[in-house]
1. Can you name the residue in segment A:107-119 that is out of contact with any Cys (no Cβ under 8 Å at 6 or more places or on another chain), over 16 Å from residue B:205 (Cα atoms) and surrounded by 17 or more Cβ atoms within 10 Å (Cβ to Cβ) and is also farthest from the other protein chains (Cβ to nearest Cβ) among such residues?
2. How about segment B:114-156: which of its residues are closer than 23 Å to residue B:192 by Cβ and over 21 Å from the mean Cα position of the chain (by Cα)?
3. For the structure I just gave you, tell me whether residue B:194 is modelled with pLDDT of 95 or more and charged (D, E, K, R).
4. Scan segment A:45-89 residue by residue and report those that are hydroxyl-bearing (Ser, Thr, Tyr) and either farther than 30 Å from residue A:141 by Cβ or touching a residue at least 24 places away in the same chain (Cβ under 8 Å) (or both).
5. Among the residues of segment B:6-34, which ones are farther than 30 Å from residue A:113 by Cα and of a type in the set (S, T, N, Q)?
6. Residues that are farther than 20 Å from residue A:222 by Cα, at least 3 per element: which strands (runs of 3 or more DSSP E) completely within segment A:1-64 meet that?
7. Across segment A:107-133, which residue is nearest to the chain's Cα centre (by Cα) among those that are assigned to a helix (DSSP H, G or I) and in contact (Cβ under 8 Å) with a residue 40 or more places away in the chain?
8. Looking for something buried (at least 21 other Cβ atoms within 10 Å of the Cβ), within 27 Å of residue B:205 (Cα to Cα), within 13 Å of chain B (Cβ to nearest Cβ) and not polar (S, T, N, Q) - is there at least one such residue anywhere in segment A:126-135?
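The values are calculated or read from the model by the stated rules, or taken from the named source; none is laboratory data. Note that the structure is a prediction, hence the values are computed from the model and not measured. Quick reminder, even Gly has a Cβ in these numbers, built from the backbone with ideal geometry, and neighbours come from all protein chains shown.
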Amino acid sequence: MMILQVQGVSKNFGGLQALSNVTFDLPEGQILGLIGPNGAGKTTLFNVINGVYTPSEGRVIFRGKDVTGQKTYHMAHAGMARTHQIVKPLNDLTVMENVMVGACFGRESHNLKKARQIAEEVLDFVGLAERAEQLAGSLNVGQKKRLEMARALASHPYLLLLDEVLAGLNPSEIAHMVDIVRRIREQGITIIMIEHVMHAIMNVSDRILVLDYGQQIAEGSPEEISQNPKVIEAYLGDPKLAERLMEGGE
Amino acid sequence: MKTLKNHLGLITSLVIVILIAIAPIVSGNAASREVVFTILRAIVLASSLNILLGYTGYVSFGHIVFFGFGGYVGFYLITAQGQSLWVAMLAGGVVSGLLAYLLGKAILRLRGAYFALATIGVNEAVRAFINNFEPFGGPTGMTMNFSVYQEYGGAMKALEMSFYIMLVLALLVVVLSYVVRTSKFGLGLLAIREDEDAAEVMGVVAPDAKTWAFVLSAIFPGMVGALFFFKNGSVEPLDAFPLHTSIEMIVMVMLGGQGTVLGPILGAAGYQRMRGLLVTSPIFKNIQLAVSGGLLLLIVLFVPAGVIGWARQRWPKLRRVLQ
């Protein structure tokens, strides 16, 4: 079953075409990696999927229902959760309360008591249990990223959108986070993740979608993508350039 | 016992309100009762405003509009329609809540400074409307026939009764404030205060939550307005919609600690005491509002969390008691 279908989605801001005609289907249980150079439109695509923006054209279908133009809270109720590239902790609330918001107002809409129980489980899962009573504003970046993850998970979503959860983390934190992502998938949650840390995303994704200047330039397994000339060009410039330079040198 | 312990914050707050009110109850001194009456009124107004300002993070500069509007409607019902004080208070609360609901739908889409500006506009607009609304007496307002008090055992009795009703309202508003603070609805409001976009992404239906917070923050001021002008015996636009009282309400909330239950109570009591001293002092009586402004500036600069917020940070162990 397709959990998410993105059909011909375009988004422009005034004259800037941030996304043009993006189309893909996401089967349940997969991890889809979303890569592309800075400014390629990856976060914009997330914003269109979870209702921050209404697409200029095209449709978004979530679990068989057309959800194009729905508000972010509708998407949360329908079972979609996300993290933010620039973390958005609720600074003056405790870590526990932050996660309880996710459980209280997300898909399952629990009461406070049950929400606390879920928050405890989720905090334990992401390794923040001992910081539960601390204010969220006092966490460091790595912990804030895990808090974003915990808040999203507390709603028990069907689909999780992860926006650069590895950025700014040190190698051991990256390993920890990748492990968390794998274990989330084992619970049957479908994931789309935006990432710049290539070895991590190539490792963890079932499929990869590449955006460049709002265009979908490639889609396929990690192996296919790593050998796709268009992708190499987008990241490194002209792939023939190296060859020509070598030839010219002789 | 266990449930009592879980609600220590509520008990502390209620006990403090009662302690504030106890002196005139015991002594029966009418002058001290009048002083405490204004303090209790300030507690109701500040605690109500706190639901919007402290919990939801929206600054309303025109919150006194609900006091004035509820007061006018209640006064009209008593004098022109011969209704009882009870009906008047109920109606005052209902119409203020309704006004907040309609306003909320219109202006709560605005954020930050724009919302604050809009609330000033609303207060001025309602005052201008009442100024020109003949059934409410236009610019001269309305006065109450003394005989109305006969129903309540004479003017003296009516004054005394007003005090006790105000005390009950103050206790009720503290309960409301606490229930909101500790409920799931309140958690949603706090999330909106911290980051409205993030809250919505997590599923908080911010437009609805904000509107209901606004309504809850308007009901008690409306009831207090009806009671206040019943006791006052007359109502006129300048008394009903004083913009500076709106700002004093903000100072009270900020002084005690926005977003806490106890903060606005202490802030209201402390501010009213200070105000009482200032207006009776020959040096400060004409510039007491300037002192409030200066005080607000100092709070925002040095103790933005207010007295209770500061104490909660300083002594985390006290958090259960100081909510």
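1. Residues of segment A:107-119 that are out of contact with any Cys (no Cβ under 8 Å at 6 or more places or on another chain), as a first pass: A:107-109, A:113-114, A:116-119.
Still in the running and over 16 Å from residue B:205 (Cα atoms): A:113-114, A:116-119.
Among the residues that remain, those that are also surrounded by 17 or more Cβ atoms within 10 Å (Cβ to Cβ) are: A:116, A:118-119.
Numbers: A:116: 11, A:118: 13, A:119: 11 Å.
Looking at residues that are out of contact with any Cys (no Cβ under 8 Å at 6 or more places or on another chain), over 16 Å from residue B:205 (Cα atoms) and surrounded by 17 or more Cβ atoms within 10 Å (Cβ to Cβ), I get A:118.
2. Matches in segment B:114-156: B:114 only.
3. On the way: modelled with pLDDT of 95 or more: yes; charged (D, E, K, R): yes.
Considered against the rule, which asks whether it is modelled with pLDDT of 95 or more and charged (D, E, K, R), residue B:194 comes out as yes.
4. Let us first name the residues in segment A:45-89 that are hydroxyl-bearing (Ser, Thr, Tyr), namely A:53-54, A:56, A:68, A:72-73, A:83.
A:53, A:54, A:56, A:68, A:73, A:83, listed by residue number.
5. Our first condition is that a residue be farther than 30 Å from residue A:113 by Cα; within segment B:6-34, this holds for B:18-34.
Hits for segment B:6-34 are B:27, B:29, B:32.
6. Values: elements: A:2-13, A:16-27, A:31-35, A:57-62.
Fully inside segment A:1-64 and qualifying: A:2-13, A:16-27, A:57-62.
7. Quick first cut of segment A:107-133, residues assigned to a helix (DSSP H, G or I) only: A:112-126, A:129-131.
Filter once more, so that each one left must be in contact (Cβ under 8 Å) with a residue 40 or more places away in the chain: A:125-126.
Values: A:125: 19, A:126: 17 Å.
Among residues in segment A:107-133 that are assigned to a helix (DSSP H, G or I) and in contact (Cβ under 8 Å) with a residue 40 or more places away in the chain, the one nearest to the chain's Cα centre (by Cα) is A:126.
8. no
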